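Peer 1: Here it is, the structure, as structure tokens.
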Ligand SMILES: Cc1cc2nc3c(=O)[nH]c(=O)nc-3n(C[C@H](O)[C@H](O)[C@H](O)COP(=O)(O)O)c2cc1C
């Protein structure tokens, strides 16, 4: 199926996916309560939006079960995965892995995954429609990072690891913003 772009050109969805896949990202699992029980959804459309107030954004497909359970005022967890948590990526994207070993802990009623590279709890303050997705904007209420570890990367539809002798040597030389 082709999708008509606004310009009148036909946009090939597979090309769209392939091109967007060239943008390497980290991998998060967004955790929430589903009928009182911890649940999660793998998400890579995560970004920080504002420092003051501290806001983050995730873009979620309208058809996902997350949308039924998380509304304005709800809290969710954002768990940034390390490469040791590779199995959790597919596990929380509808491909259950029997040995994924997902363990949750709780922060003031919000479920979070054990052993993540970093964890955030945020309260949803706005939900914007955007085509077949919804943009969830949430204000950070809790932040913590785990032990130093390598991040899990998603690139061209595959999970990857950073292979560099010491990437920090390069990164430290560059000014941040
Ligand atoms: C690496 C990766 C990243 C993903 N990122 C997103 C995302 O940003 N937004 C989204 O709606 N779905 C994303 N998905 C797909 C959802 O994880 C998947 O559709 C999930 O099964 C939806 O949950 P549900 O089955 O409970 O509705 C991603 C999947 C993978 C493997």
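The values are calculated or read from the model by the stated rules, or taken from the named source; none is laboratory data. Source: prediction; values computed, not measured. As a convention, Cβ positions derive from the backbone with ideal geometry for all residues, glycine included, and neighbour counts pool all protein chains shown.
Peer 1: Give me the pairs, please: first residue somewhere in segment 60-75 and within 19 Å of residue 109 (Cα to Cα) and at pLDDT below 95, second residue anywhere and in a loop (DSSP other than H, G, I, E, B) and more than 8 Å from the ligand (Cβ to nearest atom), beta-carbon distance under 6 Å, and either six or more positions apart or on two chains.
Peer 2: none
Peer 1: Could you tell me which numbered condition residue 106 fails, if it satisfies all but one of (1) within 11 Å of the ligand (Cβ to nearest atom); (2) exposed (fewer than 14 other Cβ atoms within 10 Å of the Cβ); (3) not in a loop (DSSP other than H, G, I, E, B)?
Peer 2: Just one mismatch for residue 106, condition (1).
Peer 1: Let me ask you something else. Check residue 15 against each of (1) within 12 Å of the ligand (Cβ to nearest atom); (2) surrounded by fewer than 17 Cβ atoms within 10 Å (Cβ to Cβ); (3) assigned to a helix (DSSP H, G or I) and name the one condition it does not meet.
Peer 2: Every listed condition holds for residue 15 apart from (1).
Peer 1: When you look at residue 48, is it within 15 Å of the chain's Cα centre (by Cα), more than 11 Å from the ligand (Cβ to nearest atom) and either within 25 Å of residue 128 (Cα to Cα) or buried (at least 17 other Cβ atoms within 10 Å of the Cβ) (or both), yes or no?
Peer 2: yes
Peer 1: Identify all residues within segment 69-95 that are surrounded by fewer than 20 Cβ atoms within 10 Å (Cβ to Cβ) and either within 12 Å of residue 121 (Cα to Cα) or within 10 Å of the ligand (Cβ to nearest atom) (or both); write none if there are none.
Peer 2: 69, 74, 90, 93, 94, 95
Peer 1: Residue 98 is checked against (1) part of a strand (DSSP E or B); (2) at pLDDT below 95 and fails just one. What number does that condition carry?
Peer 2: For residue 98, the exception is condition (1).
Peer 1: Within segment 26-52, work out how many residues are assigned to a strand (DSSP E or B) and touching a residue at least 40 places away in the same chain (Cβ under 8 Å).
Peer 2: 13
Peer 1: Restricted to segment 54-68, and to residues that are more than 7 Å from the ligand (Cβ to nearest atom) and surrounded by 15 or more Cβ atoms within 10 Å (Cβ to Cβ), which residue is farthest from residue 120 (Cα to Cα)?
Peer 2: By that ranking, first place goes to 67.
Peer 1: Now a separate question. Just one of (1) in contact (Cβ under 8 Å) with a residue 40 or more places away in the chain; (2) closer than 28 Å to residue 163 by Cβ; (3) within 14 Å of the ligand (Cβ to nearest atom) trips up residue 119, so point out which.
Peer 2: Here residue 119 meets the rest and fails (3).
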